[in-house]
1. Filter region 69-103 down to residues that are among the acidic types (Asp, Glu) and touching a Ser or Thr at 6+ places or on another chain (Cβ under 9 Å) and give me whichever is surrounded by the most Cβ atoms within 10 Å (Cβ to Cβ).
2. How about region 47-74: which of its residues are under 24 Å from Gly107 (Cα atoms) and either under 9 Å from the mean Cα position of the chain (by Cα) or not in a strand (DSSP E or B) (or both)?
3. Hey, can you tell me all the residues within region 75-115 that are closer than 16 Å to Gly126 by Cβ and either part of a loop (DSSP other than H, G, I, E, B) or modelled with pLDDT under 95 (or both)?
4. Kindly provide the set of residues from region 22-35 that are assigned to a loop (DSSP other than H, G, I, E, B) and either of a type in the set (Val, Ile, Thr) or more than 9 Å from Tyr60 (Cβ to Cβ) (or both), ordered by number.
5. Please specify each residue of region 78-132 satisfying the condition of being of a type in the set (Phe, Trp, Tyr) and either within 15 Å of Val29 (Cβ to Cβ) or within 13 Å of the chain's Cα centre (by Cα) (or both).
6. Any residue in region 68-75 that is under 25 Å from Ser28 (Cβ atoms) and among the aromatic types (Phe, Trp, Tyr)?
7. Just one of (1) crowded, with 20+ Cβ neighbours inside 10 Å; (2) farther than 19 Å from Ser21 by Cα trips up Tyr58, so point out which.
8. Considering region 116-132 alone, what residues qualify as being of a type outside the set (A, V, I, L, M) and outside any loop (DSSP other than H, G, I, E, B)?
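The values are calculated or read from the model by the stated rules, or taken from the named source; none is laboratory data. Model, not experiment: these values are computed from the prediction. Neighbour counts are summed over all protein chains in view; Cβ atoms, including those assigned to glycine, are modelled from backbone coordinates with ideal geometry.
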Amino acid sequence: MCALAALTGLSLVNAPSAAASTPSGCGSVSQIGSTRVLTVGGMNAASVKQYAGCGRNYAYLYVWQQFRSTRTDWDLYVYIVNHSDSGNDYGEARVDNTRRSELWGPGANTTAYCTHATGFLDNTGGSTSTVC
């Protein structure tokens, strides 16, 4: 999947915090970096965030209710980008044809590196700011 092609036209914002759950196997995480809001058809549809906790980085995507109420299903994909190893993505998770409102990627062993999270809602993607 070509993330660069899907990133055009998106902006970083300070979005209101959705009460995120916590990833499997880690009960305490904190958001690092910015929130990226994904816009689909002119509608703010999802948030992409990066979290740190339990010695790992996590990619997270939350689908907003206003989008969920207009669709029967959607595809979600998240991962962590390690800037020291840009050829590989870490902590990848994907679900297709789902009605889930959120998706956590598995913990990525990347806390010692500069990273950002990338997420896709269907074919619309975006990334958080880089955190070192």
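1. Filtering region 69-103 for residues that are among the acidic types (Asp, Glu) and touching a Ser or Thr at 6+ places or on another chain (Cβ under 9 Å), the one surrounded by the most Cβ atoms within 10 Å (Cβ to Cβ) comes out as Asp89.
2. Ser47, Val48, Lys49, Gln50, Cys54, Gly55, Tyr58, Ala59, Tyr60, Leu61, Tyr62, Trp64
3. Correct list: Asp89, Gly105.
4. Answer for region 22-35, where residues must be assigned to a loop (DSSP other than H, G, I, E, B) and either of a type in the set (Val, Ile, Thr) or more than 9 Å from Tyr60 (Cβ to Cβ) (or both): Thr22, Ser24, Gly25, Cys26, Gly27, Ser28, Val29.
5. Tyr79, Tyr90, Trp104, Phe120
6. No, that holds for no residue.
7. So Tyr58 meets the others, but not (2).
8. If the condition is that a residue be of a type outside the set (A, V, I, L, M) and outside any loop (DSSP other than H, G, I, E, B), then His116, Thr118, Gly119, Phe120, Thr124, Gly125, Gly126, Ser127 are the ones that fit.
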